1. Give the residue, chosen from VAL284, VAL261, that is within 15 Å of the ligand (Cβ to nearest atom) and in a loop (DSSP other than H, G, I, E, B).
2. Report yes if ALA86 is small (Gly, Ala, Ser), within 30 Å of GLN268 (Cβ to Cβ) and part of a loop (DSSP other than H, G, I, E, B), otherwise no.
3. Is it the case that VAL324 is out of contact with any strand residue (DSSP E or B) (no Cβ under 9 Å at 6 or more places or on another chain) and within 16 Å of the ligand (Cβ to nearest atom)?
4. Please specify each residue of the range 239-258 satisfying the condition of being in a helix (DSSP H, G or I), in contact with a strand residue (DSSP E or B) (Cβ under 8 Å, 6 or more places away or on another chain) and at pLDDT 95 or above.
5. LEU336 versus (1) touching a residue at least 12 places away in the same chain (Cβ under 8 Å); (2) surrounded by fewer than 16 Cβ atoms within 10 Å (Cβ to Cβ): which is the lone unmet condition?
6. Every residue in the range 269-281 that is touching a residue at least 12 places away in the same chain (Cβ under 8 Å) and away from the ligand (no atom under 16 Å from the Cβ), please.
7. State which residue pairs qualify: first residue in contact (Cβ under 8 Å) with a residue 12 or more places away in the chain and inside the range 139-155, second residue hydroxyl-bearing (Ser, Thr, Tyr) and surrounded by fewer than 19 Cβ atoms within 10 Å (Cβ to Cβ) in any location, beta carbons under 6 Å apart, and separation of 6 or more residues or different chains.
8. Please find, among ALA65, ALA17, ALA84, ALA96, the residue that is within 20 Å of LEU152 (Cα to Cα), modelled with pLDDT under 95 and within 28 Å of the chain's Cα centre (by Cα).
Amino acid sequence: MINESGLIVTFDDIRAADERLDNPRVVKQTPIDRSTSLEQTTGAESVVLKLEHLQWTGSFKTRGAYNKISTLPDQQEVSGVVAASAGNHAQGVAFAATTLGVDSTIVMPKTAPQAKIEATREYGAEVELVGQDFRAAQQHAQSLVSDPDVYLIHAYDDPEIIAGQGTLGVEMHDNCPTADTIIVPIGGGGLISGISIAFDALSPETRIVGVQAEGAATVPDSLNKGAPVTADSVDTIADGIATGGISDLTLSAIQEHVDEVVTVSDDQISEAVLLLMERAKQVVEGAGAASVAALQSDELDVSGETVMPLLCGGNLDMTMLRTVLIHTLSRRRQLLRLRVHIEDRPGTMAELSDVIGHHDANIQTVRHDRAVDGLDVGEAYLVFQIETSGADHAAGIVESIEQCGYDVEVTTTNSLAWSGSPVVSCSTDSGVLERRPRFLGIDTAVLVSLRDVTSR
Ligand SMILES: Cc1ncc(COP(=O)(O)O)c(C=O)c1O
């Protein structure tokens, strides 16, 4: 089945998948939306967002899963499919299998978010919760396929999965045939393999840009080495692309069809999640916002171009949304924690509240700390958590407090984001993965074990 260029998947495979998926109850034609604010910030002539996060199950995953299951040999004999996943692949396989009348068993780690477990069950899968991480789940899934009529559905290392994801490339080209650049997130590489094979056939001059999260970027090393490189651990809020490795199959497609790969930080991804909510009114998960993070980064020049970033997933966990919101507002100084050194006497809190009030900033909380190492008797700290309109506003408040003769420390930013927020398990579709909270200034509240947090 390998063609002349050494690739297993061809555009004909994608066309065939497109026919199989030609049913709106299986795959919706997802809309596009032009973003004038992104045009202004990037200098692009036209930014056309592809809203695939509005797909059934909230991501493109149903395309590959449906194509794979419907091409299994001896359909009548298939007694079930199995997948190991903590994320979108779980929901895609469950939905596709149920639509095709096939039983599915999805093995998820016990640390998977409750919302994803419930959604996977609602799509008709039997969910088995096994182990604390993806690796344990995957081992168990393997043990379930000893029956020859039960098939394991891989998340990306499979020609039929890639061909199914490639149908999104055909649709993107139909939506925007004049795109100069398209931007596609990369985890295990199945998505970009399919899309880039489609674009190479339909519009070879279109630049294909892949995006990886900085804390899970194995493609640049894999390209340098000429072989898939696996990460020992991954560390990103974009769990959809926190795969920690690609495969021979997806590497060969990336080598042949992808023009550039850029990496983006969690700060850039968080900013993009928020920006998409504020400006485009779209709620996407970290992986789904990575394309917009890349678009906004200095690494990519799109001046004068028509560019299409792919918003490929919308399953944003509410806990993660809270974390991203607080983190990004803190980084923008719209949320600020000020620690003011005071003589502990009546009237000081009123005086400082007054200063902040005069700047029209909202005080969310105030804390009076006396029992702090290094403070002399009669000294204290007042810690204000305040909302501002941004960095200039915040700087003005700090200056006014200093002018009143106080020492002020801005202790805010990322500690706010994490305090009290559960650490999110990052088991992914291909394994590894140890999740380390990596934002700076972590509160001790965060330094609890993953098991403690995820079992809450
Ligand atoms: C929302 C989202 N975007 C992108 C990807 C990356 O896809 P792939 O692993 O095929 O590169 C995934 C994979 O799970 C995903 O869930």
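1. Values: VAL261 fails: in a loop (DSSP other than H, G, I, E, B).
After ruling out the rest, the residue left standing is VAL284.
2. Numbers: small (Gly, Ala, Ser): yes; within 30 Å of GLN268 (Cβ to Cβ): yes; part of a loop (DSSP other than H, G, I, E, B): yes.
Considered against the rule, which asks whether it is small (Gly, Ala, Ser), within 30 Å of GLN268 (Cβ to Cβ) and part of a loop (DSSP other than H, G, I, E, B), ALA86 comes out as yes.
3. Yes: the conditions hold for VAL324.
4. First pass over the range 239-258, keeping only residues in a helix (DSSP H, G or I): 239-241, 248-257.
Still in the running and in contact with a strand residue (DSSP E or B) (Cβ under 8 Å, 6 or more places away or on another chain): 239-241, 254, 257.
ILE254, HIS257 - these are the residues of the range 239-258 that are in a helix (DSSP H, G or I), in contact with a strand residue (DSSP E or B) (Cβ under 8 Å, 6 or more places away or on another chain) and at pLDDT 95 or above.
5. LEU336 satisfies all of (1) touching a residue at least 12 places away in the same chain (Cβ under 8 Å); (2) surrounded by fewer than 16 Cβ atoms within 10 Å (Cβ to Cβ) except (2).
6. If the condition is that a residue be touching a residue at least 12 places away in the same chain (Cβ under 8 Å) and away from the ligand (no atom under 16 Å from the Cβ), then GLU271, LEU274, LEU275, ARG279, ALA280 are the ones that fit.
7. ASP149/SER79; VAL150/SER79
8. Of ALA65, ALA17, ALA84, ALA96, the one residue that is within 20 Å of LEU152 (Cα to Cα), modelled with pLDDT under 95 and within 28 Å of the chain's Cα centre (by Cα) is ALA84.
The values are calculated or read from the model by the stated rules, or taken from the named source; none is laboratory data. A quick note: this is a predicted structure, and the numbers were derived from the prediction, not measured. Every residue, glycine as well, gets a Cβ built from its backbone with ideal geometry; the counts of neighbours run over all protein chains shown.
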